[in-house]
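Since the structure comes first, as structure tokens, the remarks are kept for the end.
The values are calculated or read from the model by the stated rules, or taken from the named source; none is laboratory data. None of these values were measured; they are calculated from a predicted model. Here Cβ is always computed from backbone atoms with ideal geometry, including for glycine, and neighbour counts include all displayed protein chains.
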Amino acid sequence: MANLKEIRNRIVSVSSTMQITSAMKMVSAAKLKRAQSAITAMRPYAERLRGLIKNLSSVDLKNPFTQTRPIRKVLLIAITSNRGLCGAFNANIIKNTLSQAQNEYADVTVEVITIGKKGGDILTKSLDVKAQHNELLDSSAYKETSVLAQQIMDDFADGQYDKVVLLYNQFQNAATQLVNIENYLPIDYQEVAEAQTGEYIYEPNQQEIVSELLPKSLKIQLYKAIKDSLAGEHGARMTAMHKATDNATELRDQLKLTYNKARQAAITNEILEIVGGAEALKS
């Protein structure tokens, strides 16, 4: 059994760790509230915009972002986080990105764009990472995100990529984040669009409206994915720190119990030695 000083040092160490995890949990909870409000307010707008384009795309419209072609080169956009201590949040995206590159698209050329330092550091070792845009998570501004989205759209329109796939954690609640794998480009609204009932007169014409809205929809889609991932990150970190705090509390209580037992045993031994010495003196 460890001596009393070692146990006492471990109790102090675990208590310090518990204070850190508890503080991180409270910080993540505060950030989660803001991030959750942002993604909750944004989702209806993004979904309504996509629904509008679905209806407008009910006829065959020529647009570079809807053109399908034989897949020879694929771009994967993996969104993770810049910081750790958030459970399996980053590992799930990394695992799915590797699976997509090595299984789903094993026969074609795959390039990766990472948003998040944790994913970039790991994926760089095994995949062709074209660029890392970790700054988008710190600023999370629409302007910077739209610049990246426009660059990806231009590369796709120029034929540099035949397919673009988006991988991120979709926020459900503080304890649940679902890995979402979305086809970013080419856009295929036909598979989900229901036939629109009735006839409408469009001004300007349908082609011009779709050409104007498609780039905006793609920028919003990437921005929403980043916001979703940020909310999921704070939720995952809050949950992980809550579990860590509970585990530290349990370990501290066990160490205190062990310390008290060891201390009592030491006191008992001292009493026995004193009694034994007194008996020896009498004899």
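Among the residues of the range 272-279, is there at least one that is surrounded by fewer than 16 Cβ atoms within 10 Å (Cβ to Cβ), assigned to a helix (DSSP H, G or I) and at pLDDT below 80?
Filtering the range 272-279 down to residues surrounded by fewer than 16 Cβ atoms within 10 Å (Cβ to Cβ) leaves 272-279.
If we keep only those that are assigned to a helix (DSSP H, G or I) too, we end up with 272-279.
Subset that is at pLDDT below 80: 278-279.
Within the range 272-279 (the criterion being surrounded by fewer than 16 Cβ atoms within 10 Å (Cβ to Cβ), assigned to a helix (DSSP H, G or I) and at pLDDT below 80), the answer is yes, since at least one residue qualifies.
Buried (at least 19 other Cβ atoms within 10 Å of the Cβ) and of a type in the set (A, V, I, L, M): is that true of Val27 in this structure? Steps first, please.
Numbers: buried (at least 19 other Cβ atoms within 10 Å of the Cβ): no; of a type in the set (A, V, I, L, M): yes.
When the stated conditions are applied, Val27 does not pass them.
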Seminar exercise, completed: Lys31 passes all but one of the listed conditions (1) among the basic types (Lys, Arg); (2) in a helix (DSSP H, G or I); (3) farther than 19 Å from His234 by Cα; the exception is number (3)
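Matching residues to (1) closer than 22 Å to Lys219 by Cβ; (2) in contact (Cβ under 8 Å) with a residue 60 or more places away in the chain; (3) surrounded by 19 or more Cβ atoms within 10 Å (Cβ to Cβ):
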residue: Asn63; (1), (2), (3): yes, yes, no
residue: Ser81; (1), (2), (3): yes, yes, yes
residue: Leu85; (1), (2), (3): no, yes, no
residue: Ala91; (1), (2), (3): no, no, no
residue: Val108; (1), (2), (3): no, no, no
residue: Ile115; (1), (2), (3): yes, yes, yes
residue: Lys118; (1), (2), (3): no, no, yes
residue: Ser126; (1), (2), (3): no, no, no
For this session: Of the numbered conditions (1) closer than 18 Å to Thr145 by Cβ; (2) part of a strand (DSSP E or B); (3) of a type outside the set (Phe, Trp, Tyr), Ser81 fails exactly one; give the number of that condition.
Result: (2)
Exercise. Does Ala236 satisfy the criteria of being farther than 15 Å from Thr40 by Cβ and crowded, with 16+ Cβ neighbours inside 10 Å?
Worked result: yes
